[in-house]
Amino acid sequence: MRLFAITRATLAKDVRLEWRSKDAINAMLFFSLLVVVIFSFAFDPTAEESRRIAGGLIWVAFLFAAIVALNQTWARELRNQVLDAYRVSPAPANPLFLAKAFGNFVFVSVLEALMTPLFIIFYKLRALGNAWELLPIAVLGTWALVVNGTFFAAISLRTRSREIMLPLLLFPLSIPALLAMVNSTTAVLTGEESARFWIALLVAYDVVFTTVCLLLFETVLEAE
Amino acid sequence: MISWEPPQPQKMASELKRVVPRSKWPHFLQNLDIRRSFPKTYSILGIHSGKPNPAQSAIKNVRSMAETQSNCAVVANGLIKQFGRFAALRGVSGEFAAGGLYVILGDNGAGKTTLLRIIAGLSHLTRGNISVLGNRNIREVRGHIGYMAHPSLLYDEMGGMENLRYFAGLYEIAPRTSKGDSAKLTEERCREVITAVKLDPDLERPVGQYSQGMRQRMSLARALLNDPRLLLLDEPFSNVDARSAKEMAGLLAELRDKEKTLFVVTHQPALLESLADEFVWMEAGKIVKRSPALHTGPQ
């Protein structure tokens, strides 16, 4: 009960702070917009080609954009050393992690909701497979990005060049998830094969990494 | 009748030394000091050198700590804290009775802030042990500790009340009877502490737009939120005008009268001269002097 209350309070606080500052969401939007426009000019693909490459383009754009939000997540806690106020309180560590992960999930989901129509227009996309499967792919893929990202952003928090450190730690571990996200999206768009295997892989990835992150987060938070 | 005696290593060693003098031993054995090289084995065999056995001293320390910690807010024993090769604390020991106001003095880099962070459980010890409010696991008493640091530990983009409401949730200061009651009690407590530090609870400005002095007072309000038994204040009077500093000192006196234990790191000890129970001087990571009077100085 307490875990839920603290998670909710921290999430509400983070959303409120982001709403006021718009630090992360603006940077993410402009970054993704640039990727969409630049790639569409660079390739100018046909509808058939678009279906084959769009999965990769979309998820790489979201991955790079998510890095901006992930870096902001903890940077906010470092100003005025507010994180120490949390650490000195009797609140357990995991609600903080969950709130940050949910917060990032919300921010990246908003970005995806805004950018997906643009992708559809610029790349003339139309799903030939089961379009509804894109929803679980988006949810599971976004969670895969943010759960590890939030954890590694916390690890790189006290390093000198954390903006560089986060991608270095996150990208290699995200390869299985990225592979599943891209292949499942391409499968749905082309309709040539089933996306079920890749979705199952995403579910397994999310379960394993969420559990590991929750188990290790207290150690990360208490580290100096 | 054959009598059997258990082997006595000490006796055997001296007999061996008598039969074969040490000068005739192989060179590597001559320089070998078993007591130093294998202290644990030596201790198990029951042989003790003149030097204290580390295991026994540790047990003795724990016993003496347990005896004293019942009426002490903080019992420190040989605290050593190293940051890489730099030692911020070099063996701080001392007992600090509950209900006292301790003013910690010293030059920059003397280890005052590090000591407060260790008491708060924010920094981990390299060596030594510490008991806070009768508990060696500081995590278990965090709910009874208030900590005010150099930075404000507040979100600049949020108002004072907003900040306190959030932190009140972390401390769960209001018992969860019903949702409405709990929210009301939290609200009352936040208003109470803001008023206590002479700020306006209805001020909607974000903390980032406060003056430095106001920020300091709001930071003190946050530290008081959970009605702590142990209050750790790092430079509470810095950047605060003279009148406000006096008011804050008065508030600290009130807290001391309510049997709270206070540790105040400050470069303005004169403000607490008549209120403090003890002045503690630190130098190069050590406590060099403790005195009930300020004018006696550190030397």
Check: When A:Ile25, A:Ile175 are ordered from fewest to most other Cβ atoms inside 10 Å of their Cβ, what list results?
Finding: A:Ile175, A:Ile25
Checklist line | Rounded, prolate or oblate (a/c below 1.5 giving rounded, otherwise prolate when a/b exceeds b/c) for chain A by Cα gyration tensor | finding: prolate
Margin query: Could you check the spin-label model distance between B:Phe86 and A:Ala12? Points 7 Å from the Cα along Cα→Cβ, value in nm.
Written below: 4.2
Margin query: Looking at chain A as a GNM with Cα springs under 10 Å, which of A:Arg20, A:Arg196, A:Arg158 has the largest mean-square fluctuation?
Written below: A:Arg20
Notebook entry, point to check: Antiparallel as a % of all DSSP beta bridges within segment B:58-291, to the nearest 5?
Noted result: 55
Note to self: Using DSSP to call loops (not H, G, I, E or B), can you name the trypsin sites (Lys or Arg not before Pro) in segment B:258-299 whose Cβ has at most 10 other Cβ atoms within 10 angstrom?
What the structure shows: B:Lys258
Item checked: Estimated inter-spin distance, A:Glu222 and A:Thr159, nm [label 7 Å along Cα→Cβ] -> 2.3
Checklist line | Links that overshoot a 28 Å alpha carbon limit, given the list A:Lys100/B:Lys258; A:Lys100/B:Lys198; B:Lys198/B:Lys260; B:Lys81/B:Lys258; A:Lys13/B:Lys246; B:Lys246/B:Lys289 | finding: A:Lys100/B:Lys258; A:Lys100/B:Lys198; B:Lys81/B:Lys258; A:Lys13/B:Lys246
Check: Under 5 Å between amide H atoms, partner at least 5 residues away or on a different chain: which partners does B:Ala88 have, H built in plane at 1.01 Å?
Finding: B:Lys81, B:Gln82, B:Phe83
Checklist line | Likely footprinting exposure, B:Tyr210, A:Tyr205, fewest C-beta neighbours within 10 Å first | finding: B:Tyr210, A:Tyr205
Item checked: Between segment A:18-62 and segment B:132-147, the alpha-carbon center distance in angstrom -> 49
Notebook entry, point to check: Using the Karplus equation 6.51 cos²θ - 1.76 cosθ + 1.60 (θ = phi - 60°), what ³J(HN,Hα) coupling, rounded to whole Hz, does each residue of segment B:111-127 give in order, writing x for Gly and Pro?
Noted result: x, 5, 5, 4, 4, 4, 5, 6, 4, 6, x, 8, 10, 9, 6, 7, 8
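Among residues other than B:His295 whose Cβ falls under 15 Å from its Cβ, what is the net charge (Lys/Arg +1, Asp/Glu -1)? Walk me through the numbers on the way to the answer.
Working: positive: B:Lys289, B:Arg290; negative: B:Glu273, B:Glu278.
Around B:His295, the surrounding residues sum to 0.
If contacts are Cα pairs under 8 angstrom and at least 6 residues apart, what is the relative contact order of segment A:108-211 in percent?
Numbers: 93 pairs, mean separation 38.3, N = 104.
Here the relative contact order equals 37 percent.
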Next item on the list: Obtain the nm distance between the two label points defined at A:Leu78 and B:Ser274 by a simple spin-label model: each point lies 7 Å from its Cα along the Cα-to-C-beta direction.
Entry: 4.6
Check: Once amide H atoms are placed 1.01 Å from N in the peptide plane, what residues at a sequence separation of 5 or more from B:Ala97, or on another chain, have their amide H within under 5 Å of its amide H?
Finding: B:Ala73
Next item on the list: Step through the residues of segment B:229-234 one at a time and calculate ³J(HN,Hα) from phi using the Karplus curve (6.51 cos²θ - 1.76 cosθ + 1.60, θ = phi - 60°), rounding each to whole Hz and writing x for Gly and Pro.
Entry: 7, 10, 10, 10, 10, 9
Item checked: Per-residue HN-Hα couplings for segment A:4-14 [Karplus 6.51, -1.76, 1.60; θ = phi - 60°; Hz; x = Gly/Pro] -> 5, 5, 5, 4, 5, 5, 5, 5, 4, 4, 5
Next item on the list: Using only Cα atoms, locate the centre of segment B:196-256 and the centre of segment A:163-224, then give the distance between them in Å, rounded to an integer.
Entry: 45
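Which FRET efficiency value, to the nearest 0.05, is calculated for A:Thr211 and B:Glu259 with the Förster distance at 51 angstrom and r the Cβ-Cβ distance? Before the final figure, lay out each step's value.
On the way: r = 45 Å, r/R0 = 0.88.
E(calc), rounded to 0.05, equals 0.70.
Since every read-out is calculated from the coordinates, none of them should be taken as a lab result. Keep in mind that this is a model prediction, so the values were computed, not measured. Backbone-built Cβ (ideal geometry, glycine too); neighbour counts: all protein chains shown.
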